[in-house]
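Values in this text are rule-based calculations from the coordinates and carry no lab data. Nothing here was measured: the structure is a model prediction, and the numbers come from that model. Heads up, the Cβs are rebuilt from the backbone with ideal geometry, glycines too, and the neighbour counts pull from every protein chain shown.
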Amino acid sequence: MRALELADALGAAHASVGVVAPGGGPPVTHGDALRVYAWASVTKLCTALAVLVAVEEGSVRLDDAAGPPGSTVRHLLAHASGLGPSDPVRPLCGPGERRIYSNAGFEVLASVVSRSSDVPFEEYLDAAVLGPLAMSGTHLEGSPAAGAVGPLEDLLALGRELLEPRLVSAETLRAATSVAFPGLAGVLPGFGRQEPCDWGLGVEIRGRKSPHWTGARNSPETFGHFGQSGTFLWVDPGARVACALLTDRPFGPWAAEAWPRLSDAVLAGAS
């Protein structure tokens with residue numbers, strides 16, 4: 001796919017990009033698919049999937065109390081618990097009042113899973129997500145909000161799972177990729193205030209946000225995440241395509257311009 005060659009013009013020392021479609025065929029990639037990169041906040045997709053596996057196993061429930069008073073696992077996954085970016089104790093508002101992007105909330109989620117399973121979260125993540133998806137090159141080096149490192153081939157395996165779930169039911173995935181707590185306003189990091197700022201359970205939903213890091217061709221149902229290390233994974237259910245990009249160039253204005261262009265080219269090439 002020639003669209004992937006646009007990654008060569010991103011200004012990164014190294015960039016790896018690829019797409020997957022349903023059906024089990026091999027991904028199409030450009031760049032070194034085995035090079036290990038920092039995923040930054042794309043990590044949250046792995047952490048959220050591990051939480052959903054715990055929900056299906058019955059050790060965690062979405063409406064279990066977690067985080068500040070009145071908050072639940074569902075609130076934490078949807079960045080609606082009231083917690084700010086980094087403080088896991090003192091909320092900035094009440095649950096369900098605003099969409100506040102919170103790394104702290106995902107660290108609380110990891111603690112909930114660890115307590116319920118009686119194993120460290122890193123081990124649970126390996127057993128519930130990384131191992132079953134054969135993501136052998138990926139591991140958690142730090143925070144469950146932003147500490148994963150791994151290669152493109154593993155991120156594309158995660159993208160395929162989010163297209164055709166095997167670890168959780170299709171019903172669970174549909175619920176997770178639907179808007180949670182509709183109508184909440186908030187700030188999409190790097191792209192400003194959005195009203196509404198749609199989010200699912202661990203995934204950011206494109207909706208009608210503008211500006212946005214995906215392309216004009218992406219459907220409103222597109223979901224995924226991007227990271228400050230110059231990384232992203234989006235899944236467009238309408239196009240039945242997932243696209244992943246890993247770079248070593250930190251997120252900045254360049255990404256806000258180049259990522260939508262790359263995404264549009266990928267979707268044009270896939271149609």
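Below are the figures for this structure:
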quantity: Scope the stretch 56-77; condition touching a helix residue (DSSP H, G or I) at 6+ places or on another chain (Cβ under 9 Å) and under 16 Å from Ala180 (Cα atoms); matching residues; calculated: Arg61, Leu62, Asp63, Asp64, Ser71, Val73, His75, Leu76, Leu77
quantity: Matching residues, the stretch 130-143, being buried (at least 23 other Cβ atoms within 10 Å of the Cβ) and either in a helix (DSSP H, G or I) or small (Gly, Ala, Ser) (or both); calculated: Leu130
quantity: Given (1) part of a helix (DSSP H, G or I); (2) small (Gly, Ala, Ser); (3) touching a Lys or Arg at 6+ places or on another chain (Cβ under 9 Å), index of the condition Gly11 fails; calculated: (1)
quantity: Selection within the stretch 70-89 - surrounded by fewer than 21 Cβ atoms within 10 Å (Cβ to Cβ), in a loop (DSSP other than H, G, I, E, B) and touching a strand residue (DSSP E or B) at 6+ places or on another chain (Cβ under 8 Å); calculated: Gly84
quantity: Meets criteria (within 20 Å of the chain's Cα centre (by Cα), surrounded by fewer than 16 Cβ atoms within 10 Å (Cβ to Cβ) and in a helix (DSSP H, G or I)) for Glu56; calculated: yes
quantity: Filtered residue count, the stretch 1-22, keeping only those that are out of contact with any Asp or Glu (no Cβ under 8 Å at 6 or more places or on another chain) and more than 27 Å from Pro144 (Cβ to Cβ); calculated: 12
quantity: Where Val266 falls short, out of the listed (1) closer than 18 Å to Arg99 by Cα; (2) not in a strand (DSSP E or B); calculated: (1)
quantity: Tally, over the stretch 174-202, of residues that are of a type in the set (A, V, I, L, M), out of contact with any Gly (no Cβ under 6 Å at 6 or more places or on another chain) and under 27 Å from Val53 (Cα atoms); calculated: 5
quantity: In the stretch 200-241, the residues that are assigned to a strand (DSSP E or B) and within 17 Å of Tyr37 (Cβ to Cβ); calculated: Gly224, His225, Phe226, Gly227, Thr231, Phe232, Leu233, Trp234
quantity: Which numbered condition Arg99 fails, given (1) among the charged types (D, E, K, R); (2) loosely packed, with under 15 Cβ neighbours inside 10 Å; (3) more than 25 Å from Ala157 (Cα to Cα); calculated: (2)
quantity: Residues (in contact (Cβ under 8 Å) with a residue 24 or more places away in the chain and closer than 17 Å to Ala65 by Cβ) located in the stretch 107-139; calculated: Glu107, Val108, Leu109, Ala110, Val112, Val113, Ser116
